[in-house]
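J.: Right, I'll just put the structure down here and ask away after.
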Amino acid sequence: MSKPDSLQGSLDLLVLKILSSRPGLHGYALMTAIHAASRDVLHVEEGSLYPALHRMEEAGWIRAEWMTKDSGRRARAYELTAAGKKQLTAEESRWQAVTAAVNRVLRTV
Amino acid sequence: MSLWSRLFNVVRGDRLIHEIDEEFESHVADAVAEGRDSAEARRAFGAALRHREASRDIRRVMWLDDFLMDLRYAARTLARQPGFLAAAVLSLGLGIGANTAIFSLIDAVMLRAMPVSEPQQLVQITRSYAGGQTGGNFSYPLFEYLRDGNHVFSGLFAQSSSVNRVRIDVHGVTERVNAALVSGSYHAVLGMTAATGRLLVAEDDVPGAPAVAVISYRYWQRHFARDPSVVGATFSLESAAVTIVGVTPPEFFGTLPGTDPDLTLPLSMARLVRGGDDMWRRLDGYNFLSVMARLRAGTRSDHAAAELRTIFSNRLQAQASRTHDPNERRRILGQGVGLVSARSGFIWLRLRFSEPLLILMVIVALVLLLACANLSSLILARAAARQREILVRCAIGAGRGRLIRQFLTESLVLAVLGSLAGVVLAIWFGSGLVAMMANGGTLMLQTTPDWRLFVFMGSITVATCLLVGLVPSLQAGRTNVRAALTDVRGGARRGLGKALVIGQIAISLILLVGATLFVGTLIKLYSIDAGFRRQGILTFILDTQEKPDTPHRLAVEAELLQRIGHLPGVASTSAAQILFISGGGWNGSVHVEGYTPAANEELIADFNAVAPGFFDTTGTPIIAGRDFDERDLQSSTLVDPASALPAGRVAIINERFAKAYFADRSPLGRHLTVGRAPYEYEIVGISGNAKYLDLKEAFPKTVYFALAQKRQGAPTLLVHTASENPMWVVPQVETVLRNIDPAMRLGSVRTFAEQVDRSILNERIMATLGAFFGVLALIVACLGIFGVVAFQVAQRTREFGIRMALGATQRRVTGLVLRDVSVMLLIGCAVGVATAAGLTRVVKSLLFGVTPTDPAIFLFAITLLAVASFGAGYAPAWRAARVDPTVALRHE
């Protein structure tokens, strides 16, 4: 958990954002969605997605439910909670503020 | 996820792991379904085990999970050592049980509030006298005066200070019940409502009012099966019809703690209950009432007391102005009043038992502390045996906190099991102690558990857990893998073990010193010369409705005593107004012929009125002159004090009285006068000294009158038999009485020895329990010493082997071990002596004939402890000396 990760900090934001528009995704679909949406730039270490999901679930931002897929295998589908929506807004504006600041630095120096 | 589901995840730990794994597998399956290689997908997934642990820690309550794991571990460890487990649970159970029992009694006697409205507003008015004694008995006129003159109370009531045993006829069945006599304001001041019917009101307590009674809930249950139609039913008391008007609520046990009156009667019925007349309503001499008051809302107790003192002193001033006798004035003006909280009822029971109970609380707390130290040292010794396991746990990354928690869990299991055993022992122990405190009578204590008891049990369990587990767990937490691997001797651990044993020795010494003091007190009380014999005397009264001084009753009494005197095996018979050491007393001021009192000196003596043969019966010698005899019977008819000196009134004084007022002159033939309208008594004899009120007092100055000449109510009859236990004569006495008057019965039949025993109740309680806990402490301390020494011997087996291989003798090795014991003993005793010397000063008032700082007492306790300690240490030391060097060197 404490291991440095290029996505650390932004992973929560990405997961929340994707779940806000596409509720009911399970872990693997969530991962491919991040790949696709970032046009193959952002990669999640596959295994560490799950502790992150469980942590957000614990924080009450997302909730999960077991559902059976067409293949007959069970998968855990995640969706945003009301608290998660609020958290998303907060994370988004924080992200905007940080990137804007970084861009300003890159432009002026 | 909610806390609930996280808690849930703790108990279904395996299922949680399955769920996480299933989600991971589903991920890999998705990857394969997308056409990825299975092995590649698993590689890309990373360390599944690590992810699983991370997820699992998030999704459960970690501490609880760890706790349950520790619990299972502790249960397994303890179950492997049933002997240790049993000893631990038993010793903790004894400690916790004794603490709980004593606390529940303290709660019942001192802390519990009465179930009435706003009990904290209730106060009892107490009274103090010129001599410095305090009490709380008031006369009815004084109660009225205080009630009508104050502005600080919203109400006051008076109540007869003890419950009265009365005989009533209910539906043709005669039975004896307890009755409380109360003023009409009783229930209103308490602010109670009836369970059914009504309670007493002011109108019930006016002279001539119809006789009514309120019955207790338990009496209602016992005798009327809670029949509501009991209201309006009647019973007869002294042939008067009394109407039952209501029932008190079930939780109400009256205002005299320790009693549970079946009937509550208005004071207007005092004559039916107590006999006599109604003079007490007008005269100041009848001090038989306790007074309770309710403070006006917002009035502070000290302000109320100040006003009360003012109005009381106004009355005293008025009284004092009516007399010219300076002694009398001093006695009047020396009185005072005060207030004490009465939220738990009148203070009488508290006064009697609070001190022994508090001291017992300290004793049992020490016993529990001792049991904890003992277990702690045993666990510490066991921890050394588990050294390897602890090292492994440290090596694979168990944190210090985790190790401490594991040890504490084990002691928590012991503490909880000990508490459970303690509850059982507490019930048994508590009821035993209540039976002792009841002192042959009945003592109604409410020991049903209340919140205080639960808080106490909870805190004592937690405290036990910490006391037992703290030292071993801190020691385990300090484990340093590298140091432990290089140094296997564990010197620090041995030091801690020794410290714990020293603590046990110190506590045991304190308890043993206490036990020695209390037992010594009792032995002293049993062996001192009280001036009378204690064995072989039977005492009883005549149980009859007849007034105490009818000619018929006097005749029955005289004939009974005479006939019993002729029974084989009976040495003598007599009667006395006041039975020694029974709690009853009678004293007064006397004037002695030829003795001039110093200024302000008042001659006060204890009085008694006895029949002929009294001194033979009690074994108090007549030193000079004569005993009372038939000649002294006639003068009872002389009731004319105004005429010339009435002839024939006689008195016997005791030695102390004679020495004090006659010095070396002979008192025989001289006179003393008693009372305001003075009767003159000729001194006809001098008796030996005898204790009067209790065994602990110095011999008082006593004047004996002839019973026939100064009879005041019914006397106690005495029979001295040749055998030590006089109870065998009871059936014969009953037969004799039946032949004389079939309507009369024997009442309060007991031996005089029993009577004396009753007077030293607190001393007997302290001696019995003190000795019990002292012996227990000795056993526990010996177990501790044995355990620690045996453990050390096992640890040093190798060392002893080397020593013996190098030529040390067996004696030397034994000496080596015992030297350790003596060092611990020495330090422990030093600490114990210092603490005990401080503590025993507190118990001084419960001691008699022994000094709390007497070196002999300490020496006795130390010797006892030393003998026991060396006994406990010798067995392992002996084993150490029998170590075969070749075996020992291969040991490990």
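J.: With just the Cα atoms defining each centre, how far is region B:572-591 from region B:30-89? Give it in Å.
T.: Region B:572-591 and region B:30-89 have Cα centres spaced 82 Å from each other.
J.: Could you work out the equivalent-ellipsoid semi-axes for region B:831-892, taking the square root of 5 times each eigenvalue of the Cα gyration tensor, largest first, in whole Å?
T.: Numbers: eigenvalues 372, 26, 10 Å².
After diagonalising the Cα gyration tensor, the semi-axes are 43, 11, 7 Å.
J.: Work out the length of the dipole vector of region B:211-285 about its Cα centre, built from +1 on the beta-carbon of each Lys and Arg and -1 on the beta-carbon of each Asp and Glu, and round it to the nearest 20 debye.
T.: Magnitude of the dipole: close to 40 debye.
J.: Also, quick follow-up: So how tilted is helix B:301-320 from the main axis of chain B? Cα-based, degrees 0 to 90, rounded to 10.
T.: With rounding to tens, the tilt is 20 degrees.
J.: Excluding same-chain residues fewer than 8 positions from residue A:17, which lysines have a Cα within less than 24 Å of its Cα?
T.: Hits, sequence-local ones excluded: A:3, A:69, A:85, A:86.
J.: Let me ask another. Could you give the alpha-carbon Rg of region A:46-109 over 2.2 N^0.38 Å, rounded to two decimals? Mind dumping the intermediate values first?
T.: Values: Rg = 17.2 Å, N = 64, 2.2 N^0.38 = 10.7 Å.
Its radius of gyration relative to the 2.2 N^0.38 Å reference: 1.61.
J.: If only Cα atoms are counted, what is the Rg of region B:195-243, and what is its Dmax, in Å?
T.: Answer for region B:195-243, Rg first and Dmax second: 11.5, 33 Å.
J.: Show me the three semi-axes of the equivalent ellipsoid for region B:571-635, from the C-alpha gyration tensor (sqrt of 5 times each eigenvalue), largest first, rounded to whole Å.
T.: On the way: eigenvalues 138, 52, 27 Å².
One finds semi-axes of 26, 16, 12 Å for region B:571-635.
J.: Can you flag which of B:524/B:659; B:524/B:701; B:547/B:691; B:659/B:696; B:524/B:691; B:659/B:701 are past 19 Å Cα-Cα?
T.: B:524/B:659; B:524/B:701; B:547/B:691; B:659/B:696
J.: Using the C-alpha gyration tensor of region B:717-782, what are the square roots of 5 times its eigenvalues, in whole angstrom, with the largest one first? Mind showing how you got there, number by number?
T.: Working: eigenvalues 340, 28, 18 Å².
Largest first, region B:717-782 gives 41, 12, 10 Å.
J.: Take every Cα pair under 8 Å in region B:800-892 that's 6+ residues apart, average their separations, divide by the length, and report that relative contact order as a whole percent.
T.: This gives 62 percent for region B:800-892.
J.: Sticking with this structure for a sec: Could you please state, rounded to a whole Å, how far the C-alpha centre of region B:305-320 is from the C-alpha centre of region B:798-855?
T.: 61 Å
J.: Could you pull out which residues in region B:71-107 have an amide N less than 18 Å from a spot 7 Å beyond the Cα of residue B:452, following the Cα-Cβ vector?
T.: B:98-107
J.: Summarise the long-distance tail of P(r) for region B:64-117 by giving the % of C-alpha pairs beyond 16 Å. Before the final figure, lay out each step's value.
T.: On the way: 926 of 1431 pairs.
So the portion of pairs separated by more than 16 Å is 65 percent.
J.: Can you give me the pair-distance distribution of region B:652-741, C-alpha pairs, 5 Å bins, whole percents?
T.: Bins of 5 Å from zero give 2, 10, 14, 16, 17, 14, 10, 9, 5, 1, 0 percent of pairs.
J.: Need one number: the % of Cα-Cα pairs in the protein assembly as shown sitting beyond the 40 Å mark. List each step's numbers first, then the result.
T.: Values: 315765 of 500500 pairs.
So the pairs more than 40 Å apart make up 63 percent of the total in the protein assembly as shown.
J.: Let's test the formula: R0 of 45 Å, r as the Cβ-Cβ distance of residue B:668 and residue B:527. What FRET efficiency results, to the nearest 0.05?
T.: On the way: r = 33 Å, r/R0 = 0.73.
E between residue B:668 and residue B:527, to the nearest 0.05, is 0.85.
J.: While we're looking at this one, here's another question. Where the Cα atoms of region B:195-303 are projected onto their three principal axes, how long is each span, largest first, in whole Å?
T.: Largest to smallest, the principal-axis extents are 47, 36, 26 Å.
J.: Here's a follow-up. What would the Debye equation give as log₁₀ I(q)/I(0) for region B:745-799 at q = 0.19 Å⁻¹, counting only Cα atoms as equal point scatterers?
T.: -0.78
J.: Then there's this: Using the charge dipole of the protein assembly as shown (Lys, Arg: +1 at Cβ; Asp, Glu: -1 at Cβ; taken about the Cα centre), state which of B:624, B:443, B:151 has its Cα farthest towards the positive end.
T.: B:443
J.: Let me ask something else about it. Please give the calculated 222 nm ellipticity per residue for chain A, where each DSSP H segment of at least 4 residues contributes -39500 (n - 2.57) and the sum is spread over every residue; nearest 500 deg cm²/dmol? Don't jump to the answer; show the numbers that get you there.
T.: On the way: 4 runs with 61 residues, N = 109.
Helix-only estimate at 222 nm: -18500 deg cm²/dmol.
J.: Under 18 Å from a label point 7 Å along Cα→Cβ of residue B:616: give me every residue in region B:697-718 with its amide N that close.
T.: Answer for this model: B:706-708, B:717-718.
J.: If I take every Cα pair under 8 Å that is 6 or more residues apart in chain B, average their sequence separation and divide by the length, what percent do I get for the relative contact order?
T.: Numbers: 1493 pairs, mean separation 127.0, N = 892.
Over chain B, the number comes to 14 percent.
J.: Quantify how much of the Cα-Cα distance distribution of region B:501-590 extends past 17 Å, in percent.
T.: Numbers: 2858 of 4005 pairs.
That tail contains 71 percent of the Cα-Cα pairs.
J.: Would you please calculate the Kirkwood hydrodynamic radius of chain A over all C-alpha pairs and express it in Å, rounded to one decimal? Working shown, then result.
T.: Values: mean 1/r = 0.0669 Å⁻¹.
With all distinct Cα pairs of chain A included, I get 15.0 Å.
J.: Sticking with this structure for a sec: So how compact is chain B: Cα radius of gyration and Dmax in angstrom?
T.: Just the Cα atoms of chain B yield Rg and Dmax of 37.0, 139 Å.
J.: As I understand it, the value is the acute angle between the Cα axis of helix B:400-438 and the longest principal axis of the Cα atoms of chain B; what does it come to in degrees, rounded to 10?
T.: It works out to around 20 degrees.
J.: Now for a different question. As an exercise, identify the trypsin sites (Lys or Arg not before Pro) in region B:292-371 lying in DSSP coil whose Cβ has no more than 13 other Cβ atoms within 10 Å. Intermediate values should be presented prior to the final figure.
T.: Working: sites: B:294, B:296, B:300, B:309, B:315, B:322, B:329, B:330, B:331, B:343, B:350, B:352; in loops: B:296, B:300, B:322, B:343.
Answer in residue order: B:300, B:322.
J.: Here's a follow-up. Taking θ = phi - 60°, what integer Hz values does the Karplus form 6.51 cos²θ - 1.76 cosθ + 1.60 yield along region A:98-107, in sequence order, with x for Gly and Pro?
T.: 5, 5, 4, 5, 4, 4, 4, 4, 4, 6
J.: Remind me, relative contact order of chain A in percent, using alpha carbon pairs under 8 angstrom and six or more residues apart?
T.: Numbers: 92 pairs, mean separation 30.4, N = 109.
Relative contact order here is 28 percent.
J.: So how much slack lies between residue B:71 and residue B:837, counting 0.36 nm per residue of separation and subtracting their Cα-Cα distance, in nm?
T.: Working: separation 766, 0.36 × 766 = 275.76 nm, distance 4.28 nm.
Result for the pair: 271.5 nm of gain on full extension.
J.: Cα to Cα, under 17 Å, and not fewer than 8 places away if on the same chain: which aspartates and glutamates meet these conditions relative to residue B:498?
T.: Filter leaves B:820.
J.: Moving on to the next point. Restricting to Cα atoms and excluding each atom paired with itself, what does the Kirkwood estimate give for region B:303-429 in Å?
T.: Numbers: mean 1/r = 0.0466 Å⁻¹.
Evaluated on region B:303-429, it is 21.5 Å.
Readers should treat all values here as calculations from the given coordinates under stated rules, not as data from a laboratory. This one's a predicted model, so the numbers in the text were calculated from it and none came from an experiment. Note: ideal-geometry Cβ built from the backbone for every residue, glycine included; neighbour counts use all protein chains shown.
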